[in-house]
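Below is one structure, written out as structure tokens; comments come after it.
Taken together, the values in this text are just the output of simple stated rules run on the coordinates, not laboratory data. Because the structure is a prediction, the values reported are computed rather than measured. When we count neighbours, we look across all protein chains shown, and the Cβ atoms used for this are built from the backbone with ideal geometry, even at glycine.
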Amino acid sequence: MEAGSTLCLQVLADGFRPLSHQWFFNWTNALSGRTNSSLDLPDIQPSQAGAYTVVVTNVLGAVTSNPALVGVIPPVPRRIVSAIYLTGDLGSVLHLA
């Protein structure tokens, strides 16, 4: 994941309703207010690299997801590069010299 991007994670859980969700960072750090089936973290930074899990609970118990391991790399420089745009009739042969 590139620094500055938005991380979007989702969990699909089925069971006796209502279902409750709690997202965790590195297994033990509950993410405050992150109690939906999806987790969106805009402008992700290197300090947010790690394992994300979600615990889904209902009246019958709880289950923890497998971790989503997230790595964050520095922003990738972008630049315009020269390109060639060729046009021709369908089936024609074009030669570049």
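Key figures for this structure:
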{"quantity": "Strands (runs of 3 or more DSSP E) wholly inside segment 35-82 containing at least 3 residues that are touching a residue at least 24 places away in the same chain (Cβ under 8 Å)", "calculated": "38-41, 50-58"}
{"quantity": "Counted residues, segment 1-57 - those being exposed (fewer than 10 other Cβ atoms within 10 Å of the Cβ) and either in contact with a His (Cβ under 8 Å, 6 or more places away or on another chain) or farther than 18 Å from V76 by Cα (or both)", "calculated": "8"}
{"quantity": "Boolean, F24 is touching a residue at least 24 places away in the same chain (Cβ under 8 Å) and outside any strand (DSSP E or B)", "calculated": "no"}
{"quantity": "Total residues in segment 1-37, condition within 14 Å of the chain's Cα centre (by Cα), small (G, A, S) and more than 22 Å from L60 (Cα to Cα)", "calculated": "3"}
{"quantity": "Hey, A13 touching a strand residue (DSSP E or B) at 6+ places or on another chain (Cβ under 9 Å), aliphatic (A, V, I, L, M) and in a strand (DSSP E or B) or not", "calculated": "no"}
{"quantity": "Check on I73, under 14 Å from the mean Cα position of the chain (by Cα), within 22 Å of G4 (Cβ to Cβ) and exposed (fewer than 12 other Cβ atoms within 10 Å of the Cβ)", "calculated": "yes"}
